[in-house]
1. Convert each backbone phi in the range 69-82 into a coupling constant with the Karplus relation 6.51 cos²θ - 1.76 cosθ + 1.60 (shift: θ = phi - 60°), then list the ³J(HN,Hα) values in order as whole Hz, x for Gly and Pro.
2. Could you give the nm distance between label points at Gln99 and Ser47, where each point is 7 Å from its Cα heading toward the beta carbon?
3. Which of Val27, Leu67, Trp148 sits closest to the plus end of the dipole of the chain, meaning its Cα is farthest towards the positive end, when Lys and Arg get +1 and Asp and Glu get -1 on the C-beta?
4. When the accessible area of the chain is computed with all protein chains present and a 1.4 Å probe, what percentage of it is carbon and sulfur?
5. Could you rank Met1, Met78 by how accessible they are, 1.4 Å probe, largest area first?
6. List the cysteines in the chain whose Cβ has no other cysteine Cβ under 4.7 Å from it.
7. Mind giving me the nanometre distance, one decimal, between the label points for Val109 and Glu5, set 7 Å out from Cα along Cα→Cβ?
8. Just the accessible area per residue of the range 1-84, please: how many Å² with a 1.4 Å probe?
Amino acid sequence: MYNHEPTEYRCPFCEYIRRDDTPRAPVGSIVHQAGLATAFLAKSRFSRIPVNVLVVPNDHVENLYDLDARYAADLHRMTRAIALALKGVYGCDGVSTRQHNEPAGLQDVWHYHVHVTPRFPGDRLYAMQFTDFPKAERAREAALLRAWIADQAAHVLQDA
Ligand SMILES: [Zn+2]
């Protein structure tokens, strides 16, 4: 419903999910995969914020309108785990999530995704430039987040 994906669209997020390890979806950027959800580091980030993590359903669903509720629990568990990992690794004072639908909502990849972003006091996030995040740096930061999640898995990936 209300779809904007062009015909024969080659989805970059599905490449992450399949772990294709393409130039635009390097496997080293993947932070975690569990259940119906995958988290990876976006190829861009806000200039003074260490990472921007994207959480996606493991099936190609364009937007919120099309997303079946059966994905909700796994997307939430992943988003929560990423938020706690951002706190643990970067010591951020807060975390923001954002999710965009349709061009008017600034959606530009046609696969539902939630941005999970570390926040700092007075960071003026939305005034920052969105800049390229080189593959090697992304791999380094993703490894830090993977290690934190592996160490804390019993606490952050399960419900109390
Ligand atoms: Zn996709």
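The values are calculated or read from the model by the stated rules, or taken from the named source; none is laboratory data. All figures in this text were calculated on a predicted structure; none of them were measured in a lab. Heads up, the Cβs are rebuilt from the backbone with ideal geometry, glycines too, and the neighbour counts pull from every protein chain shown. For accessibility, only protein heavy atoms count, side chains too; no ligands or nucleic acids. Shrake-Rupley method; radii C 1.70, N 1.55, O 1.52, S 1.80 Å.
1. For the range 69-82, the Karplus-derived couplings read 5, 5, 7, 4, 5, 5, 5, 5, 4, 5, 4, 5, 4, 5 Hz, x marking Gly and Pro.
2. My value for the distance between the label points is 3.1 nm.
3. Trp148
4. In the chain, the share of accessible area belonging to carbon and sulfur is 53 percent.
5. Met1, Met78
6. Cysteines of the chain left without a disulfide-compatible partner: Cys92.
7. For the pair Val109/Glu5, the computed spacing is 1.4 nm.
8. Computed with neighbouring chains in place, this is 48 Å² per residue.
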